[in-house]
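The values are calculated or read from the model by the stated rules, or taken from the named source; none is laboratory data. Keep in mind that this is a model prediction, so the values were computed, not measured. Here the Cβ positions follow ideal geometry from the backbone for every residue, glycine too, while neighbour counts run over all protein chains shown. Note: accessible area is taken over every heavy atom of the protein model, side chains too, but ligands, DNA and RNA are not part of it. Shrake-Rupley method; radii C 1.70, N 1.55, O 1.52, S 1.80 Å.
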Amino acid sequence: MDDFRPVDADRIRALVDELGASPLALTPILAPAELGRLSADFHDYSPVLEPLLKGRCAQVAVKVERLEQVMAVAGACARHRVPLTLRGAGTGNYGQCVPLAGGLVLDLSGLNRLRSVDPVSGIVEAEPGCILAHLDGQLAVHGRALRLAPSTYRSATLGGFFAGGSGGLGSLRWGFLRDPGHLLGLEVVTLEAEPRLLRLDAAASAPLNHAYGTNGIITALRLASTEAVAWQQLVVGFSRWEAALEASRELPTTALLLHALCLLEAPVADRMPWPAGCPAAGPEEHRLLLHAAPDTLELLPGWLAARGGQLRWQGPRPEAGRARGLPLGELTWNHTTLHWRAQAPGWTYLQLLLPRPEAPLLEAVRQRWGSDVLWHLEAVRYQGAPRLTALPLVRWQGPQALADLVAQCRELGAVPFNPHVITVEDGGLGVVDADQVAAKAAYDPAGLMNPGKLRGWVG
């Protein structure tokens, strides 16, 4: 981290002068408060990342609305050797859009058009600044919907989701963003003195998927959509954790059409806000949160009751782009962490793919850590099979305790995805992806894009 220093003032001044003189209505942003806002995300979930990223801030920012503006900024940054960090809505949790080396932040939220929807295949082409909920509302007119969305669905952008996210609502059916079949192509601007505009197919696009904007400026995405379903939101209470866990394991193996499944241990459920009309959870009540298709409702309540589950609340998922109140999806994934930390800021979290069966690990962790680790599970499809992941809430007791907890979970068969690191590789499987590095060499030869976030880059 100490290797990164802000760009010298003369280069920034020359860049600002060039951008300000552009006929493309580029307005350099220099106000400290606005630069601070555009340089931040939600990395404060991590007490490890917070001190590492403190004070990291862009020296200039630019908001764009048109492709030619993107190309002008890219060319200017390359010519003046100024690092460039891309930004959507800043909803990430890992410092993905925090500029380590100062330079310029390029805000792509104004590049937000739905370009096309194929009426036969449902293939969508859209710009990276599209808010996911708004995009879903536009797709609903065509009877289509996004396959995957984060819990920040109402504020996150499409480009930010693919560049910095991995899964979320819909992962129960569709797995993760990097699974083949989701991202079908990209339009990309290179960071060169004379930028190129490239159209990449699915194979060439894969290295830019979940790369934190380190190896190409995405200006449009082609992706598969799915049929629109009028999902029903269900909250189910269980008095026994073992019964709730078993229902969470069994439900994804049925023929019932589900979009999301989240299990909250009783202490977590007890402190969550709930949608209007949904009763608060009791102190000993574990809660299962579901998005289920309308045709499941004839069978599902009885299926749950036979396993000890009691339906506490049911309501339609709010219409895309017009949500009022609290959607149930905003009690899942990292929104659970958000709500918990609003009341208990001295807590953080982990991300784990759990082994099968899950119960031995969950119980072993509970035996060692007691109420310092509270369970929050999400059902996903991993390598084609139903699995449970965990985003446990963890009382912060210092980096060594966190490392010990991770080590215990790994020894018990879990695969950790570390949310307390800044590089693409270390937040995943810890292995350098040669294709990501090769894409950076091809599209960002000077290594100016979001420096410090791709460990495999040594240029």
Non-local amide H neighbours of Y382 (under 5 Å, H modeled in plane, Pro and chain starts lacking H): which ones? R387
Other-chain or far-sequence residues with amide H under 5 Å of L184's (modelled H): R222, L223, A224
First obtain the Kirkwood hydrodynamic radius of the stretch 233-281 from its Cα pairs, then insert it into the Stokes-Einstein equation at 4 °C and 1.567 mPa s, and state the resulting D in µm² per second as a whole number. 107
Determine the sum of side-chain charges near L106: Lys and Arg each +1, Asp and Glu each -1, restricted to other residues whose C-beta is under 10 angstrom from that of L106. +1
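Provide the net charge surrounding E284, with neighbours chosen by a C-beta distance below 12 Å and charges set as Lys +1, Arg +1, Asp -1, Glu -1.
On the way: positive: R240, R287; negative: E265, D270, E285.
Taking every Cβ under 12 Å from that of E284, the sum is -1.
Out of every Cα-Cα pair in the chain, what percent are more than 32 Å apart? Intermediate values should be presented prior to the final figure.
Details: 41008 of 105111 pairs.
For the chain, the share of Cα pairs beyond 32 Å comes to 39 percent.
Mind checking the stretch 191-258 for trypsin sites (Lys or Arg not before Pro) that DSSP puts in a loop (not H, G, I, E or B) and that have at most 13 other Cβ atoms within 10 Å?
Values: sites: R196, R199, R222, R240, R249; in loops: R196, R240.
Answer in residue order: R196, R240.
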Here the tail fraction of P(r) beyond 15 Å, over all Cα-Cα pairs of the stretch 363-459, rounds in percent to 70
Karplus (6.51, -1.76, 1.60) ³J(HN,Hα), θ = phi - 60°, over the stretch 149-166, in Hz, Gly and Pro reported as x: 7, x, 5, 8, 3, 7, 10, 6, 9, 4, x, x, 5, 6, 7, x, x, 9
Using the Karplus curve 6.51 cos²θ - 1.76 cosθ + 1.60 with θ = phi - 60°, what ³J(HN,Hα) values do you get for each residue of the stretch 288-297, in whole Hz, with x for Gly and Pro? 9, 10, 10, 10, 10, 6, x, 6, 8, 6
Using a 1.4 angstrom probe with every protein chain in place, what is the largest-first accessible-area order of F238, F42? F42, F238
The stretch 286-441: Kirkwood hydrodynamic radius (Cα pairs, Å) comes out at 18.2
For the stretch 282-321, what value does the Rg/Rh ratio take when both radii are computed over Cα atoms and Rh is the Kirkwood radius, given to two decimals? 1.01
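Work out the P(r) tail for the stretch 1-122: percent of alpha carbon pairs separated by more than 26 Å, whole number.
Working: 1874 of 7381 pairs.
The calculated P(r) of the stretch 1-122 puts 25 percent of pairs beyond 26 Å.
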Along the stretch 200-208, Karplus-curve 3J(HN,Hα) (6.51, -1.76, 1.60; θ = phi - 60°) to the nearest Hz, with x for Gly and Pro, reads 9, 7, 4, 5, 6, 7, 3, x, 8
dims of the stretch 153-214, Cα set, principal axes, largest to smallest, nearest Å -> 43, 26, 15
